[in-house]
Amino acid sequence: SRVYCAHGIARGAAKAYMSSESTPCPRLSLQEARDAANEAVALFSVPENAARLKGPELECANDIGKFFMLIIPISTDLLGKVSQKYGFETTQAGAMQFIAELQKYQDDPEIKRAHDYLKGRFMPAALLNLGIGGFAPPAPPADDMAD
């Protein structure tokens, strides 16, 4: 019997997850999850990538609709560059599967911090701050916390 990933976060991903043709989700070891999480957070911190997100983030402000239209496609593209290396699709559904796989290692503080940060790249701050869907506000990348 095949094991499938948990359902996605965003509505758009739900249809892909409900399909009976869903592909099995890659499984990560603890070390792979740690490496993948750190690589993904680091990718969002690269100056060109941060700049790519800054304008749309300012434009979105607290507009949830704009967030889903402008930020999620960029976040999906960026995360896909790392998640693909670990066997996940480069789609929004693949990004949600990747984040769900990291969630399995919430006992590891390093992975939890990265997981929470990455979830914040796919959920508007307005919803995160309300605690909608069990999301916590994203923690800044580890480098930012050292300042």
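Details
- Calculated diffusion of the stretch 20-68, Stokes-Einstein form, Kirkwood radius summed over Cα pairs, 20 °C and 1.002 mPa s, µm²/s: 157
- The packing ranking, built from the mean of other Cβ atoms within 10 Å per residue, places the peptides 56-64, 88-96 in the order 88-96, 56-64, highest first.
- Positive end of the dipole of the stretch 33-87 (Cβ unit charges, origin at the Cα centre): among GLY55, VAL82, ALA42, the Cα lying farthest that way belongs to VAL82.
- The stretch 66-118 - accessible surface per residue (Å², probe 1.4 Å): 42
- Entries of LYS54/LYS104; LYS54/LYS85; LYS66/LYS119; LYS66/LYS112; LYS81/LYS119 with Cα pairs more than 22 Å apart: LYS54/LYS104; LYS54/LYS85; LYS66/LYS112
- Taking a ≥ b ≥ c as the square roots of the eigenvalues of the Cα gyration tensor, an a/c ratio of 1.5 or more together with a/b no larger than b/c marks the stretch 58-119 as oblate.
- Heavy-atom accessible surface of the stretch 66-128: percent carbon and sulfur, 1.4 Å: 54
The values are calculated or read from the model by the stated rules, or taken from the named source; none is laboratory data. Everything numeric here is computed off the predicted structure, so don't read it as measured data. FYI the Cβ positions are ideal-geometry reconstructions off the backbone, even for glycines, and counts take in every protein chain you see. Remember, those area values only see protein heavy atoms, side chains included, never the ligands or the DNA or RNA. Shrake-Rupley method; radii C 1.70, N 1.55, O 1.52, S 1.80 Å.
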